[in-house]
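What follows is a single structure, written as structure tokens, with notes after it.
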Amino acid sequence: MTPTQKAAAAHAMILSKAWCNPGFKARLLANAPAALRSLGLGMRPGTMLKVVEDTDSRVHLVLPPKPAGDLSQQALERMAADAGATWPAGMLVASAAAPVPAAPYRPASRDVYVGA
């Protein structure tokens, strides 16, 4: 399993546990590192984690660190697909095309480690 696949599996496990277990969800929102440790997950030393919850009327947009170089349209689309972000239908309305840089996307390492 690749690091990206491991991170996606960890993300799915965290989401399903939070959706099915109100106690875990409360611990995750209050003390994410401890909640992750209870699942056998850990964070890279020195990494801070903030967990927030989206609602029907409040969503959060997370900006990852800027990759080195410029990004092509194809790389941006691949990056967006890899991120797996979803927005509720009708939440985001595009009104103009954004300028697009032009070099390949270089993914950053993931901060969640399985089995830490």
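The values are calculated or read from the model by the stated rules, or taken from the named source; none is laboratory data. Computed from a prediction, not measured in an experiment: that's the story for all the values here. For neighbour counting, all protein chains shown are included, and Cβ atoms are generated from backbone atoms with ideal geometry for every residue, glycine included.
Observations, loosely collected:
- Residues being among the basic types (Lys, Arg) and loosely packed, with under 12 Cβ neighbours inside 10 Å are entirely absent from the stretch 4-13.
- Selection status of Ala7, within 19 Å of Pro64 (Cβ to Cβ), aliphatic (A, V, I, L, M) and in contact (Cβ under 8 Å) with a residue 40 or more places away in the chain: yes
- Residues that are among the aliphatic types (A, V, I, L, M), closer than 27 Å to Met79 by Cβ and without any contact (Cβ under 8 Å) to a residue 40 or more places away in the chain were ranked within the stretch 14-38; the one that is surrounded by the fewest Cβ atoms within 10 Å (Cβ to Cβ) is Leu15.
- All helices (runs of 4 or more DSSP H) inside the stretch 1-103 with 3 or more residues being at pLDDT 85 or above: 3-20, 22-30, 32-37
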